[in-house]
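The values are calculated or read from the model by the stated rules, or taken from the named source; none is laboratory data. Please read all numbers here as calculations on a predicted model, not as lab measurements. Heads up, the Cβs are rebuilt from the backbone with ideal geometry, glycines too, and the neighbour counts pull from every protein chain shown. Surface accessibility is based on the protein's heavy atoms, side chains included, excluding ligands, DNA and RNA. Shrake-Rupley method; radii C 1.70, N 1.55, O 1.52, S 1.80 Å.
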Amino acid sequence: ENSGKPHHELSLEELQSAFQTIENIRRRAIIGLQLKQGERAGEVCNLRLREIQINHQEVQNQYPELGTHPAIGNRTDVIYIPHDRDGNKSSNPRLLPVDSELRWLLIRHLLTRPQVDEPWVFLSKRSFTQMEPNGVNKEWKKAFHPKYVATEQYKPITSHFGRHWFSTWWRVDVGLSREHVQYMRGDRVEPIENFPDAIDEYIHPNYDHIEDS
């Protein structure tokens, strides 16, 4: 039973070292996306080509629908995650910037992605249709097990670790405000301990607030 255990505690250097051993392009892109943006496994599976904008001519030529979702507008190197798609579990939609490292990972993945008539960024390796969340977990296990399996002290590293590490990094290590981390996670902004406070009804963090963070 893992419910009462903490996650493995990996330093940035340990995480980078483990990540650098991942050779599979698709796996690197999936894991990099979750570490960089804190996305849930369901959100990774639900990500459509029209919801990701990468400023790269060859990729744009290969995928004319790339970045055409109205929420993206004229922004470049950005991902839009809706809140009302089955499996996303987010309270709010969000736009998240794509930094240079994630951009490189996504470009490599998209240029090698099977050319099939499917709207999804990540496809099942067997059917070339929409990937399932358990497939995302399998990619994490291939990358981090057996070194980081469940122990008496820690939970195993699976896709949920990415969301945990992302949240801890931005809130604790970087010191980004709680509201901005909530925005990036897709959480509803609310007061600590759920005690209502009028000011929380007027706090609306958005993409422009976190773009340069």
* Structure fact -> Of H164, H180, H109, H160, the only residue that is closer than 28 Å to I72 by Cβ and either open to solvent by 80 Å² or more (accessible area, probe 1.4 Å) or not in a helix (DSSP H, G or I) (or both) is H160
* Structure fact -> Log entry, pairs with first residue in the range 63-78 being among the acidic types (D, E), second being at pLDDT 95 or above, beta carbons closer than 7 Å, six or more apart or on different chains, reads E65/L49; E65/R50; D77/Q53; D77/I54; D77/R103
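Kindly evaluate M184 against the criterion of being touching a Cys at 6+ places or on another chain (Cβ under 6 Å) and touching a residue at least 24 places away in the same chain (Cβ under 8 Å). Reasoning before the result, please.
On the way: touching a Cys at 6+ places or on another chain (Cβ under 6 Å): no; touching a residue at least 24 places away in the same chain (Cβ under 8 Å): yes.
No: the conditions fail for M184.
Evaluate the following for A41: is it hydrophobic (A, V, I, L, M, F, W, C) and touching a His at 6+ places or on another chain (Cβ under 8 Å)?
Values: hydrophobic (A, V, I, L, M, F, W, C): yes; touching a His at 6+ places or on another chain (Cβ under 8 Å): yes.
So A41 fits the description; yes.
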* Taking the range 86-103 as the search range and keeping residues that are assigned to a loop (DSSP other than H, G, I, E, B) and modelled with pLDDT of 85 or more, which one is surrounded by the most Cβ atoms within 10 Å (Cβ to Cβ)? -> V98
* Only one of (1) within 19 Å of Q37 (Cα to Cα); (2) among the β-branched types (V, I, T); (3) touching a residue at least 24 places away in the same chain (Cβ under 8 Å) fails for T112. Which number is that? -> (1)
* Long-range neighbours under 6 Å by Cβ, at least six apart or interchain, first residue in contact (Cβ under 8 Å) with a residue 24 or more places away in the chain within the range 128-151, second surrounded by 20 or more Cβ atoms within 10 Å (Cβ to Cβ) and among the hydroxyl-bearing types (S, T, Y) -> V136/S159; N137/T158; N137/S159; W140/T158; W140/S159
* Asked: Out of curiosity, is H164 at pLDDT 65 or above, within 23 Å of the chain's Cα centre (by Cα) and closer than 16 Å to A18 by Cα?
  -> no
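Take the residues in the range 120-151 that are in a loop (DSSP other than H, G, I, E, B) and touching a helix residue (DSSP H, G or I) at 6+ places or on another chain (Cβ under 7 Å), then tell me which one is most open to solvent (accessible area, probe 1.4 Å).
Within the range 120-151, the first condition is being in a loop (DSSP other than H, G, I, E, B), and the residues that meet it are 121-122, 124-129, 131-132, 145-151.
Still in the list and also touching a helix residue (DSSP H, G or I) at 6+ places or on another chain (Cβ under 7 Å): 121-122, 124, 131-132.
Details: V121: 0, F122: 0, S124: 28, M131: 6, E132: 109 Å².
Once the filter is applied, the top-ranked residue is E132.
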* Can you tell me which residues in the range 67-81 are part of a loop (DSSP other than H, G, I, E, B) and either at positive phi or open to solvent by 10 Å² or more (accessible area, probe 1.4 Å) (or both)? -> G67, T68, H69, P70, A71, G73, N74, R75, T76, D77
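Scan the range 14-66 for residues that are in a helix (DSSP H, G or I), among the charged types (D, E, K, R) and either open to solvent by less than 10 Å² (accessible area, probe 1.4 Å) or at pLDDT 95 or above (or both) and jot them down. Don't jump to the end; show me each part of the working.
Keep residues of the range 14-66 that are in a helix (DSSP H, G or I), which gives 14-20, 25-37, 41-46, 49-51, 57-62.
Now restrict to residues that are among the charged types (D, E, K, R): 14, 26-28, 36, 43, 50-51, 58.
Scanning the range 14-66 gives R26, R27, R28, E43, R50, E51, E58.
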* Structure fact -> Out of (1) under 23 Å from I22 (Cα atoms); (2) among the aliphatic types (A, V, I, L, M); (3) without any contact (Cβ under 8 Å) to a residue 40 or more places away in the chain, the one L106 does not meet is (3)
* Asked: Filter the range 183-207 for residues that are in contact with a strand residue (DSSP E or B) (Cβ under 9 Å, 6 or more places away or on another chain) and at pLDDT below 75; which is farthest from V78 (Cα to Cα)?
  -> N206
